[in-house]
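Below is one structure; the comments refer to it alone.
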Amino acid sequence: MNEIWTEKYRPKNLDDVVGQKHVTERLKAYVSSRNMPHLLFTGPAGTGKTTCSLALAKSMFGDEWKGNFIELNASDERGIDVVRGKIKEFARTAPLGGAEFKIIFMDEADALTSDAQAALRRTMEKFSGICRFILSCNYSSKIIDPIQSRCAVFRFKPLSADEVREFLQTIINKENVDIDEDAMNGLVHVARGDMRRAVNSLQVAASLGKKIDLDVIYQTTGMANPQAVKEMIETALNGNFIKARDMLDDIMITFGLSGQDIIKQIHATFFDLSITDAEKVRFMDKTGEIEFRIVEGSNERIQLEALLAYLVMLGGKSR
């Protein structure tokens, strides 16, 4: 298992990209016309932004794609010097192999400083005749308006559970992975629309060299079993604070989670509880308060136990 599966099974062309059909259809039109504007890809992590950029370059340039495509990560090189240096140097050279233009792909462009974005704006304009930019970001609001107005914006959405499941099944079949159905459902739950997280989680679990079950999935992904979290909350609502506290200890030790990790899972779980909407509203309000305290530096064990104590009182009032 020497290869990273996210790279080994990365789609090679736009037709193979999972989901995002509303994006790939427009990109294929650019390939057909042999022309494209500057592009801005925005959306959550692991939804295909980098994959679409690579597939577009390969479809546009064929075998010459490596000479006409450069990938930069703005989180590593985020200052104005990289715009004035590396980007300008690549942008001013002529395309290879008779291509109409070259492509500069800048990943995590929302990490660029405001000065670097201002310099990039002028560079995009000056070299647009022989160079096109593809900017990728998680939050388009962090990209300055002058750059957004120069780009065609593509918004990527989280992948559906069926899309994640289908792609994982392809890898499972090719790699002869032994996994049960509950574990597959757990992988899809852990991914939450992020294909990269799903594939990486599958590879880590498969590297253990045994049949993959649900416990293996949650232990290798840094998440607690949602059923264990739900049982802890229900125990507190039933008035048994000491048992709920012991269950909290087991979850934190077994899965090695921080307070912020657990509070996120508690938030995701309480919608499944058999309590009234009014109680869910109070629970949500208290959970948000506890999460804020933890982020601000308060002792996470004290705050989580305070949340369990609140649930004990909330359950007592409802009876």
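The values are calculated or read from the model by the stated rules, or taken from the named source; none is laboratory data. Just so we're clear, the structure is a prediction, and the values are computed from it rather than from any experiment. When we count neighbours, we look across all protein chains shown, and the Cβ atoms used for this are built from the backbone with ideal geometry, even at glycine. All accessible areas refer to the heavy atoms of the entire protein, side chains included, with ligands and DNA or RNA removed. Shrake-Rupley method; radii C 1.70, N 1.55, O 1.52, S 1.80 Å.
Net charge near Phe101, counting Lys/Arg +1 and Asp/Glu -1 over other residues with Cβ under 10 Å of its Cβ? Kindly include the intermediate steps, with their values, before the conclusion.
Working: positive: Arg34, Lys102, Arg132; negative: Glu100.
The answer is +2.
What's the FRET efficiency of Lys174 with Lys126 using the Cβ-Cβ distance as r and R₀ = 35 Å, to the nearest 0.05?
0.15
May I ask you to give the solvent-accessible area per residue for the chain, in square angstrom, as obtained with a 1.4 angstrom probe? List each step's numbers first, then the result.
On the way: 15710 Å² over 319 residues.
Per residue, the chain has 49 Å² of solvent-accessible surface.
Taking 0.36 nm per residue of sequence separation and subtracting the Cα-Cα distance, how much length would be gained by fully extending the chain between Asp246 and Ala278, in nm to one decimal?
The span from Asp246 to Ala278 would gain 8.8 nm if fully extended.
As an exercise, identify the GluC sites (Glu not before Pro) in segment 245-319 lying in DSSP coil whose Cβ has no more than 15 other Cβ atoms within 10 Å.
Passing both the DSSP loop test and the Cβ count: Glu296.
Is segment 181-299 best put as rounded, prolate or oblate by its Cα gyration tensor, with a ≥ b ≥ c the root eigenvalues, rounded for a/c under 1.5, and otherwise prolate when a/b is larger than b/c, oblate when not? Spell out each step's value before the answer.
Numbers: a/c = 1.80, a/b = 1.76, b/c = 1.02.
Prolate is the answer for segment 181-299, as a/c is 1.5 or above and a/b outweighs b/c.
Taking 0.36 nm per residue of sequence separation and subtracting the Cα-Cα distance, how much length would be gained by fully extending the chain between Asn138 and Asp15, in nm to one decimal? Intermediate results must be reported in sequence, preceding the final value.
Numbers: separation 123, 0.36 × 123 = 44.28 nm, distance 2.34 nm.
Computed gain between Asn138 and Asp15 is 41.9 nm.
Could you compute the FRET efficiency for Asp63 and Glu296, with r as their C-beta to C-beta distance and R0 at 51 Å, rounded to 0.05?
0.40
Candidates (1) 19.3; (2) 15.3; (3) 25.5; which is the computed mean projected area of the Cα convex hull in nm²?
Correct label, based on the coordinates given: (1).
I'd like the distance between the alpha-carbon centres of segment 110-186 and segment 39-65, rounded to an integer number of Å.
Using only Cα atoms to place each centre, the spacing works out to 8 Å.
Which shape class, rounded, prolate or oblate, goes with segment 40-159 when its Cα gyration tensor gives a ≥ b ≥ c as root eigenvalues, a/c under 1.5 marks rounded, and past that a/b bigger than b/c marks prolate? The partial results should precede the final answer.
Values: a/c = 1.77, a/b = 1.13, b/c = 1.57.
Oblate.
Compute the semi-axes of the equivalent ellipsoid of segment 91-151, taking the square root of 5 times each eigenvalue of the Cα gyration tensor, and list them largest first in whole Å.
In descending order the semi-axes read 22, 12, 9 Å.
Label Arg192 and Asn238 with points 7 Å out from Cα along Cα→Cβ: what is the distance between them in nm?
2.8
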